[in-house]
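The values are calculated or read from the model by the stated rules, or taken from the named source; none is laboratory data. Values in this document were obtained by computation on a predicted structure and should not be read as measured data. Positions of Cβ are generated from backbone atoms using ideal geometry, with glycine treated the same way; all protein chains shown enter the neighbour counts.
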Amino acid sequence: MRSGILLLYFTLLHCAVVAFPEDQEPTVRLSDMYTQGYPLFLGHESGDDKEEHTLDIQQVVIMDRILYIAARDNIYTIDMGTSPAEEIYFTKKLTWESSENKAKECIMLGKSEDECHNFIRVLIKRNDDTLFICGTNAFSPFCRTYKMDTFEIEDNKIKGKGICPYNAKDSNVAIFTGGYLYSGTVADIQSMDPLIYRSLGDTPNLRTEKQNSKWLKEPHFIHVVDYGSYIYFFFREVAIEACDTGQLIVSRVVRVCKNDMGGNEAFLDQMWTSFLKARLNCFVPSILNFYFNELQAVTDVVHINGHDVVFATFTTSEYSIPGSAVCAYDMHELDKAFSGRFKEQLSPFSIWTPVPGDQVPTPRPVSCAGSEPLEAYTSSKDFPDDILNFMKEHHLMDVGISSTESQPWFLRTMVKYRLTKMAVDVSAGPNNDRVVVFLGSQNGMLLKVMDTSGGNAFLSNSVFLEEMSVYNPEKCIHKGSHDKTIVSMQLDKPSGALYVAFRHCLIKVPLGRCKLHGKCKKACIASRDPYCGWVEESKECKHFIPGESQEFVQDIEHGNVSGMEDC
């Protein structure tokens, strides 16, 4: 019954006054038969190492031209300067396993043997010389600091509560900045206490109120960004403001002040005083706006044509018609939402309504201490009780945040996969002026999309360049399982590659498939690929190498091949 209603709803959207945009078809579509020859990492140290390894990759990070692979019980590093022909081997390996006693205690809690390992969930830079690493440690999370170059332990273990999840299936994000660690995860073994937390600094630790759904309700953390005076957490959660009884999932961004010192003993003691959240909207505008509610991935802040922007990938619910969308958000416009009206619920069963302006304290609590309109206060601990009391109960903004152009930049609907990972290149092409977004799915599909906006337009047009299956069904299989979910993607411009991680393998994918077009000028130009160009001297389609001065023929704008011979 529900699927029938959804289908009718989708049909109505296509018939609405504002036409529902049609899906683009890719210029190039490739199967895994073409891509299975790409170099891959399977956990081996050398060509002589033929043992099957249980990787269970959790995340992939590139720092200082070193690729770090955080997996189960191990962290591997790969030198980005190497050019493997078939298989990639690790340069260094750090093994951090849970003790036998911890594993036994974990099993006694009713967990399976596979769950009772140390899954590395946090791997971030603490400073220029050290890494901060946390693992689930058989449902007893711990963290350590290591030297980047040697993996030598810098200090003793510290408890990872509030920093790293107990269960590897729970989401988490973390970032070190200004000497503090900001994290979003769950702080208990039952996954019932979600929190956004600041710790490991000189001032008091701060967190969200414990098990209060008005702060967070079953959040799934996606990304955290350091920008200006604030830290931004991107996540999806159950919408407490929804009028119906269903579990509507919506996407959010939370903003907290870096200089937040917490409240006083009466209000918000050791809790955030600057915690504000707003809904991220990504929808096709029409009579019946069609929303892509579930945030899946967010990029770091990138600079495009004078704008600071984040790209985000959204999907429909898994119980709905399959659909994915990419929306972009201007950070300046995003911040405006936090100067708007607050939303409140006056009683447990009443609907949520905007807070009247005359009921908001003066000065208005929307900024950090020392900044207008709170410039009179040097610390949040000095805020008057009426401001602290208001901020204890009011976190949700009334108006959501619209994407650039107020519509998705790219859509993919009515296909069997949803797009859940992304990487962005804002300096593609020979002139370093093209935006390319790579999108990864739950079934091993990788998409490449380019922005074609010209003139004064800003992220208003996209062209679908490639759709390819990059999962290697012969080599990535582990114990009979073909898990094709892309778990992480990292782009490395100097090597001209995108590193795509699955649970049990990592594949190095060239940014462009120039060799596919070979000696055919027409196919090379028609591809509109910003990473490829036609070289008249050698009569071949070649990959752009940064700094190379060779002359290329290219038409990214139109792919005009009039007058060219077929081949």
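What the table shows:
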item: Filter result for residue 529 (part of a loop (DSSP other than H, G, I, E, B), in contact with a His (Cβ under 9 Å, 6 or more places away or on another chain) and surrounded by fewer than 19 Cβ atoms within 10 Å (Cβ to Cβ)); result: no
item: Filtered residues of the stretch 88-120 (kept if surrounded by 16 or more Cβ atoms within 10 Å (Cβ to Cβ) and in contact with a His (Cβ under 8 Å, 6 or more places away or on another chain)); result: 89, 90, 98, 103
item: Residues (aliphatic (A, V, I, L, M) and crowded, with 19+ Cβ neighbours inside 10 Å) located in the stretch 66-79; result: 67, 69, 70, 71, 75, 78
item: Evaluation of residue 215 against (1) farther than 25 Å from residue 378 by Cα; (2) among the hydrophobic types (A, V, I, L, M, F, W, C); (3) part of a strand (DSSP E or B) (one fails), failing number; result: (3)
item: Selection count where residues are surrounded by 21 or more Cβ atoms within 10 Å (Cβ to Cβ) and part of a loop (DSSP other than H, G, I, E, B), scope the stretch 240-280; result: 8
item: Tally, over the stretch 163-187, of residues that are in contact (Cβ under 8 Å) with a residue 24 or more places away in the chain and either of a type in the set (A, V, I, L, M, F, W, C) or out of contact with any Asp or Glu (no Cβ under 9 Å at 6 or more places or on another chain) (or both); result: 14
item: Qualifying residue in the stretch 543-560 (condition: at pLDDT 85 or above, within 17 Å of residue 496 (Cβ to Cβ) and outside any loop (DSSP other than H, G, I, E, B)); result: yes
item: Candidates 158, 133, 163, 175, filtered to the one that is over 25 Å from the mean Cα position of the chain (by Cα) and either over 22 Å from residue 218 (Cα atoms) or of a type in the set (Val, Ile, Thr) (or both); result: 158
item: Flag if residue 447 is touching a Leu at 6+ places or on another chain (Cβ under 7 Å) and of a type outside the set (Ser, Thr, Tyr); result: yes
item: Contacts under 8 angstrom Cβ, first residue in the stretch 358-381 being surrounded by 13 or more Cβ atoms within 10 Å (Cβ to Cβ), partner of a type in the set (Phe, Trp, Tyr) and outside any helix (DSSP H, G or I), 6 or more apart; result: 360/342; 365/383; 368/230; 369/377; 369/383; 370/377; 374/383; 377/383
item: So residue 257, is it within 17 Å of residue 333 (Cα to Cα), among the hydrophobic types (A, V, I, L, M, F, W, C) and in contact with a Phe, Trp or Tyr (Cβ under 7 Å, 6 or more places away or on another chain); result: no
item: Scan of the stretch 289-300 for residues that are more than 20 Å from residue 239 (Cα to Cα) and either among the hydroxyl-bearing types (Ser, Thr, Tyr) or at pLDDT below 95 (or both), ordered by number; result: 299
item: Only one of 207, 236, 198 that is under 18 Å from residue 310 (Cβ atoms), of a type in the set (Lys, Arg) and surrounded by 14 or more Cβ atoms within 10 Å (Cβ to Cβ); result: 236
item: Total residues in the stretch 482-517, condition farther than 30 Å from residue 432 by Cβ and either within 20 Å of the chain's Cα centre (by Cα) or in contact (Cβ under 8 Å) with a residue 12 or more places away in the chain (or both); result: 7
item: Residue match in the stretch 184-198 (condition: in contact with a His (Cβ under 7 Å, 6 or more places away or on another chain) and closer than 18 Å to residue 236 by Cβ); result: no
item: Conditions (1) within 22 Å of residue 471 (Cα to Cα); (2) touching a residue at least 60 places away in the same chain (Cβ under 8 Å): number failed by residue 442; result: (2)
item: In the stretch 292-301, residue nearest to residue 487 (Cα to Cα) [restricted to those that are crowded, with 17+ Cβ neighbours inside 10 Å and of a type outside the set (A, V, I, L, M, F, W, C)]; result: 296
item: Within the stretch 203-237, considering residues that are touching a strand residue (DSSP E or B) at 6+ places or on another chain (Cβ under 6 Å) and of a type in the set (Val, Ile, Thr), the one farthest from residue 123 (Cα to Cα); result: 208
item: Members of the stretch 95-119 that are hydrophobic (A, V, I, L, M, F, W, C), in contact with a Ser or Thr (Cβ under 8 Å, 6 or more places away or on another chain) and under 30 Å from residue 47 (Cβ atoms); result: 119
item: Top-ranked residue of the stretch 497-511 - restricted to ones that are in contact with a Phe, Trp or Tyr (Cβ under 7 Å, 6 or more places away or on another chain) and of a type outside the set (D, E, K, R), ranked as nearest to residue 52 (Cα to Cα); result: 505
item: Residue ID - modelled with the lowest pLDDT, chosen from residues in the stretch 480-496 that are closer than 27 Å to residue 51 by Cα and touching a His at 6+ places or on another chain (Cβ under 9 Å); result: 481
item: Restricting the stretch 518-551 to residues that are small (Gly, Ala, Ser) and at positive phi, the residue that is nearest to the chain's Cα centre (by Cα); result: 547
item: Residues that are among the small types (Gly, Ala, Ser) and either farther than 17 Å from residue 330 by Cα or surrounded by fewer than 20 Cβ atoms within 10 Å (Cβ to Cβ) (or both), drawn from the stretch 403-432; result: 406, 423, 427, 428, 429
item: Failed item in (1) surrounded by fewer than 19 Cβ atoms within 10 Å (Cβ to Cβ); (2) of a type in the set (Ser, Thr, Tyr); (3) under 23 Å from the mean Cα position of the chain (by Cα), with residue 441 passing the rest; result: (1)
item: Filtered residue count, the stretch 188-213, keeping only those that are without any contact (Cβ under 8 Å) to a residue 24 or more places away in the chain and polar (S, T, N, Q); result: 3
item: Scope the stretch 297-331; condition of a type in the set (Phe, Trp, Tyr) and either within 19 Å of residue 22 (Cβ to Cβ) or assigned to a strand (DSSP E or B) (or both); matching residues; result: 311, 314, 329
item: Output for the stretch 518-567, where each listed residue is of a type in the set (Ser, Thr, Tyr) and under 19 Å from residue 435 (Cα atoms); result: 527, 531
